[in-house]
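Each value in this text was obtained by applying a stated rule to the coordinates, not by laboratory testing. Owing to the predicted nature of the structure, the values given are computational and were not obtained by experimental measurement. Neighbour counts are summed over all protein chains in view; Cβ atoms, including those assigned to glycine, are modelled from backbone coordinates with ideal geometry.
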Amino acid sequence: MVTSADLPHELQEFRDTLHRFVANEVEPYAEEIERTNDLPDALLKRAAELGLCGLSIPEEFGGMGESELASSVAVETLSHGPGGVTFYLAPSAPAAAIRLAGTDEQRQRYLPQLASGETFAAFCLSEAGAGSDAAGIKARAVRQGDKWIINGSKLWISRARRAGVFLVSAVTDPSKRGAGAITVFIVDKRKGVNVGEPDRLMGLAGSGSAEVSFQDVEATDADVLGKVGGGFEVLKFILGRARLWAAARATGICARALQVSLEHAQTREQFGRKLGEHQAIKLKLADMTADVYISRMLLYRAAALYDEGKDPVQEVSIAKLYSTEAASRAADMAIQIHGAMGVSRAFHVERLYRDARAYRILDGTSDIQRLMISSNLQRNGVGVSLAPGGLA
Ligand SMILES: Cc1cc2nc3c(=O)[nH]c(=O)nc-3n(C[C@H](O)[C@H](O)[C@H](O)COP(=O)(O)OP(=O)(O)OC[C@H]3O[C@@H](n4cnc5c(N)ncnc54)[C@H](O)[C@@H]3O)c2cc1C
C-alpha cells in the first residue's frame with residue numbers, strides 16, 4: 001500500500017470527512033489562531049465531539065481505537081490546515097506512551113480524560129542544556145521515604161498551555177548516564193506544575209508550547225511510567241510515535257503545498273500562458289509530486305509496520321527525515337510559484353513554510369535522524385527491505 005488511492009475505502013472516506021472539517025471548520029479560525037497563538041475553545045469542543053482527541057486510544061477507554069495507519073492519515077489530513085491545531089486535535093505521543101507502556105491503573109486513570117478532550121498530555125524532555133542529547137538532562141527525582149520529589153525545568157513543551165497531564169523525564173540514578181539513569185513520571189498538573197507564557201515560534205501558532213517547571217513536585221511509584229530507570233525504553237514509545245506523526249504532519253504540508261501550487265499554476269497567466277505551461281513551473285510541480293508520493297509511501301509503510309506489531313525504528317527515522325525536508329522544499333517552491341502572493345500574510349502559503357520549518361527540529365533533528373539511520377545501517381546491515389538496515 002503506497003498511495004492515498006490504495007487506502008481501504010473507509011479510510012478514504014474518513015480522510016475526505018477530515019478534509020471537509022479542515023476547510024469548513026478549522027480554516028475559518030486560522031487568522032484568530034495566528035493572532036492569539038491559541039486555539040479557540042469552540043474548535044477544541046467540536047474536535048472532541050468528533051472523537052479526534054481519542055483517535056488512537058482504545059475504545060474501552062473512550063477512544064476510537066483507530067490503527068496507526070488511520071491515525072497517520074488523520075494527522076496528515078489535518079495538517080492541510082494551521083499546523084498548531086494538529087498538536088491538540090490529533091493523537092499525541094504522550095497519550096500513546098500511556099497506552100503502550102502504562103499500567104492498567106494508569107490507562108484507566110488518564111486515557112478516558114485524554115480521549116474525551118477534557119484535558120491534554122504534554123511530554124517534558126528538553127531542557128536548556130539538553131536537546132538532541134537526551135541523556136544530558138538535569139531534572140532530578142529524588143527518593144524521600146515512599147515518595148519521589150521532582151525538580152527541574154523543561155523547554156519547548158508542546159501542548160503545555162492546555163495540558164493537565166505531564167510526562168516528565170528526570171534523573172533517578174545520577175551515578176549512571178543514559179540507560180538506567182532516567183525515569184519517566186506521569187504528573188497531574190495540580191501537583192504543582194508551573195507552565196510559563198506561550199512561546200512565540202515562527203510557525204505552529206497555538207501548539208501550546210511553553211516552559212514547564214517542577215518545584216518539589218511529589219510523585220509515587222504508581223506514577224512511574226514503565227520502570228524506575230527505564231526512561232529510555234519509554235522514550236522509544238514516545239519518540240517513535242512523535243516521529244511518525246511529525247512525518248504525517250510534514251506529508252500533509254507537502255500535499256497542501258502541491259495542491260495550492262497546482263491550482264495557482266492552472267489559473268494564473270503570465271506571458272500569455274498559464275503558469276503551469278512554463279517549463280520551470282512544470283519542473284517544480286514534478287519535484288513536489290515526487291516528494292508527496294515518496295513521503296506518503298514512507299509514512300504509510302512505517303505506520304503499517306506498527307500495526308503489524310513491529311518496531312520500525314529505521315523506517316520511522318527515514319520517513320521523518322525525508323518528509324520534513326520535503327515539506328520545507330515544497331513550501332518554498334509553493335511560495336515561488338505564487339510570487340508576491342506567496343509571501344503575503346493575506347494568503348496561507350507562507351504559513352505552510354513557517355509551519356514546515358520546525359518539523360526538521362522537533363522530535364530529533366534531521367541530522368540526529370541521519371545519525372540514527374547510519375548507526376542502524378552499520379549495526380544491522382543493508383537487509384532486504386526497501387529501508388536499508390530496517391525490518392526485512
Ligand atoms: C515546535 C517544537 C516543539 C517541541 N516540542 C517538544 C516537546 O513537546 N517536548 C520536548 O521535550 N521537547 C520539545 N521540543 C524540543 C526538541 O525536541 C528539540 O528542539 C530538539 O531535540 C533539538 O534540540 P535543541 O533545540 O536543543 O538543539 P541542539 O540539540 O542544541 O542541536 C542544535 C544543532 O546541532 C545539531 N547536533 C546536535 N548534536 C549533534 C551531533 N551529535 N552530531 C551532529 N549534529 C548535532 C542538531 O542537529 C542541530 O542542528 C520541541 C521543539 C520545537 C521546535
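Things to note:
- Percent RCO, i.e. relative contact order, over the chain, from Cα pairs under 8 Å lying at least 6 residues apart: 16
- Using θ = phi - 60° and Karplus 6.51 cos²θ - 1.76 cosθ + 1.60, couplings along the stretch 204-214 (whole Hz; Gly, Pro as x): 6, 4, x, 6, x, 5, 6, 6, 10, 10, 10
- Full extension of the segment from Lys138 to Lys45, taken as 0.36 nm per residue of separation minus the current Cα-Cα distance, would add 29.8 nm.
- Using the Cβ-Cβ distance between Tyr293 and Asp216 with R0 set to 41 Å, the FRET efficiency works out to roughly 0.20.
- Neighbour-count order for Met297, Met333, fewest beta carbons within 10 angstrom listed first: Met297, Met333
- Relative to the longest principal axis of the Cα atoms of the chain, the long axis of helix 104-115 lies at roughly 30 degrees.
- Exposed trypsin sites (Lys or Arg not before Pro) absent: longest stretch of the chain, with sites in DSSP loops and at most 11 other Cβ within 10 Å deemed exposed: 1-199
- Within-10-Å neighbourhood charge of Gly152 [Cβ basis; K, R +1; D, E -1]: +2
- Cα centroid separation, the stretch 294-338 to the stretch 1-72 (Å): 19
- Cα gyration tensor category, rounded, prolate or oblate, for the stretch 4-115 with a/c compared to 1.5: oblate
- Between helix 9-21 and the chain: long-axis angle, C-alpha atoms, 0 to 90°, nearest 10: 80
- Residue-wise HN-Hα coupling along the stretch 364-378, computed from phi with Karplus coefficients 6.51, -1.76, 1.60 (Hz; x: Gly, Pro): x, 5, 4, 5, 5, 4, 4, 5, 5, 4, 5, 4, 4, 4, 6
- Within the chain, helix-based [θ] at 222 nm, where runs of 4 or more DSSP H residues each add -39,500 (n - 2.57), nearest 500: -15500 deg cm²/dmol
- DSSP-defined antiparallel bridges as percent of all bridges, the stretch 120-230, nearest 5: 80
- Residues His278, His80, His348, sorted so that the one with the fewest Cβ neighbours within 10 Å comes first: His278, His348, His80
- For the chain, a crude dipole built from +1 on the beta carbon of Lys and Arg and -1 on the beta carbon of Asp and Glu, taken about the Cα centre, is about 920 debye to the nearest 20.
- Alpha-carbon radius of gyration plus Dmax, which is the widest Cα pair, for the stretch 233-380 in Å: 17.1, 60
- Relative contact order of the stretch 303-374, pairs being alpha-carbon contacts under 8 Å that are 6 or more residues apart, as %: 36
- With respect to the chain, whose longest principal axis is taken over its alpha-carbon atoms, helix 231-267 is tilted by about 20°.
- Hits among aspartates and glutamates - C-alpha to C-alpha of Lys310 under 13 Å, sequence gap 8 or more where chains match: Glu68
- Computed E for Glu59/Lys227 - FRET, C-beta separation, R0 30 angstrom, nearest 0.05: 0.60
- Computed from backbone phi with θ = phi - 60° and the Karplus coefficients 6.51, -1.76 and 1.60, the 3J(HN,Hα) list for the stretch 25-37 is 10, 9, 3, x, 8, 4, 5, 5, 5, 4, 6, 8, 6 Hz; x is used for glycine and proline.
- Reachable lysines from Lys138, criterion Cα separation under 27 angstrom, eight or more residues apart if same chain: Lys147, Lys154, Lys176, Lys189, Lys191, Lys227, Lys236
- For the stretch 95-154, applying the loop criterion from DSSP together with a ceiling of 15 other beta carbons within 10 Å to the GluC sites (Glu not before Pro) yields Glu118.
- Which of Met333, Val228, Phe61, positive extreme of dipole for the chain (C-beta unit charges): Met333
- Restricting the stretch 320-378 to chymotrypsin sites (Phe, Trp or Tyr not before Pro) in coil, as DSSP defines it, with at most 10 other Cβ within 10 Å: none
- In the stretch 175-304, taking the dipole from charged Cβ atoms about the Cα centre, the farthest positive-side position among Leu299, Ala181, Asn194 is held by Leu299.
- Equivalent ellipsoid dimensions for the stretch 120-230 as semi-axes, Å, which come from the Cα gyration tensor, largest first: 23, 16, 11
- Value of relative contact order over the stretch 233-380, rounded to a whole percent, pairs C-alpha under 8 Å and six or more apart: 31
- Dividing the convex hull volume of the alpha-carbon atoms in the chain by its residue count gives 135 Å³ per residue.
- For Asp6, Asp41, order by how many other beta-carbon atoms lie within 10 Å, fewest first: Asp41, Asp6
- Across the stretch 216-230, the residues whose backbone nitrogen lies under 11 Å from the label position 7 Å along the beta-carbon direction of Lys147 are 216-220.
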